[in-house]
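See structure below.
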Amino acid sequence: MPIDLLVTNDDGIHAEGIQILCQVLFQNREYRLTIVAPDHERSAVGHAITMHRPLMVEKQRFLHNPELQGWAVNGTPSDCVKLAIEALLPRPPRMVIAGINRGSNLGNDVIYSGTVSAAVEGIILGVPAIAVSLTEGCTEDFFYAAEVVKQLLPQFLDYSFPPHTLLNINIPPRSKGEPRGVRVTRLGRRRYRNTFEERVDPRGRRYYWLAGELEDEKEHEESDVRAIQEHHISITPVKYDLTSYELIPELEKLWSGMTIKG
């Protein structure tokens, strides 16, 4: 039986990253690919889902391989995974692969990332998931990143993922030198100086355009940011449970048993 894989992204179904990844994975006939991705770029939408309009689904053929077909959805990456698993597929896939994203998803970038959110939706629905990003690069680097995924995928499929945990993978460009290896990391910090440029449209209405500049910070040696800076492939286990468990006993002392008067 072929292994069912659901592939999605946030750059859109026609983006280079997902097209090349599916070409490379399709060569292995052990895998049966289902591609469900946004019909246009939906980067930095986080975990948004569509509730107030219908989701339209259109079949697409991949340009470089007519045997590859996918669905383009007029929704978010999370919509794509939810729709695929709960409506389009006859059974859940063995794994969700989100990517290959153009640009890194490091540190707190994962909060905003549509790529990582697609993987999160997978684990919410009980399907193991990975998110893959190429930190920068050209077409040849996407082929390299896809080969990295292809080589690591058997281990990911054999690994027993803990509940509610995905793997966030960032790959440096090979064009800047052979990566020095694989490093298992923790999320670092990515801080931006967000600058809003004020403009005026032809009707005299003001609008603002956001442009952020990355601030240089000293990163922990175990962080994903540091691993990429030192030209390693970074693999970070990520959970969506945001509970601050260490704070619960302290807060219980403050408010446990408190009566609120109406």
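Listed here are the residues, each with its yes/no results for (1) modelled with pLDDT of 90 or more; (2) farther than 30 Å from Tyr31 by Cα; (3) in contact with a strand residue (DSSP E or B) (Cβ under 9 Å, 6 or more places away or on another chain).
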| residue | (1), (2), (3) |
| --- | --- |
| Leu153 | yes, no, yes |
| Lys176 | yes, yes, no |
| Arg199 | yes, yes, yes |
| Arg206 | yes, yes, yes |
| Ser223 | yes, yes, yes |
| Arg226 | yes, yes, yes |
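Of the residues making up the stretch 84-91, one or more are out of contact with any Cys (no Cβ under 9 Å at 6 or more places or on another chain), farther than 29 Å from Gln229 by Cβ, among the acidic types (Asp, Glu) and assigned to a helix (DSSP H, G or I).
Ala44 meets all of the listed conditions (1) modelled with pLDDT under 95; (2) of a type in the set (A, V, I, L, M, F, W, C); (3) not in a loop (DSSP other than H, G, I, E, B) but one, namely (3). Of everything in the stretch 1-39 that is more than 18 Å from Val149 (Cβ to Cβ) and at pLDDT 95 or above, the residue that is surrounded by the most Cβ atoms within 10 Å (Cβ to Cβ) is Pro38.
Scanning the stretch 224-245 for residues that are assigned to a strand (DSSP E or B), over 12 Å from Leu134 (Cα atoms) and polar (S, T, N, Q) yields a single hit, Thr236.
Exactly one residue among Thr195, Thr243 is loosely packed, with under 10 Cβ neighbours inside 10 Å and polar (S, T, N, Q), and that residue is Thr243. Candidates Met56, Met95, Met51: the one that is more than 13 Å from the chain's Cα centre (by Cα) and within 22 Å of Thr185 (Cα to Cα) is Met95.
The values are calculated or read from the model by the stated rules, or taken from the named source; none is laboratory data. A quick note: this is a predicted structure, and the numbers were derived from the prediction, not measured. Please note: Cβ atoms are built from the backbone with ideal geometry, for glycine as well, and neighbour counts cover all protein chains shown.
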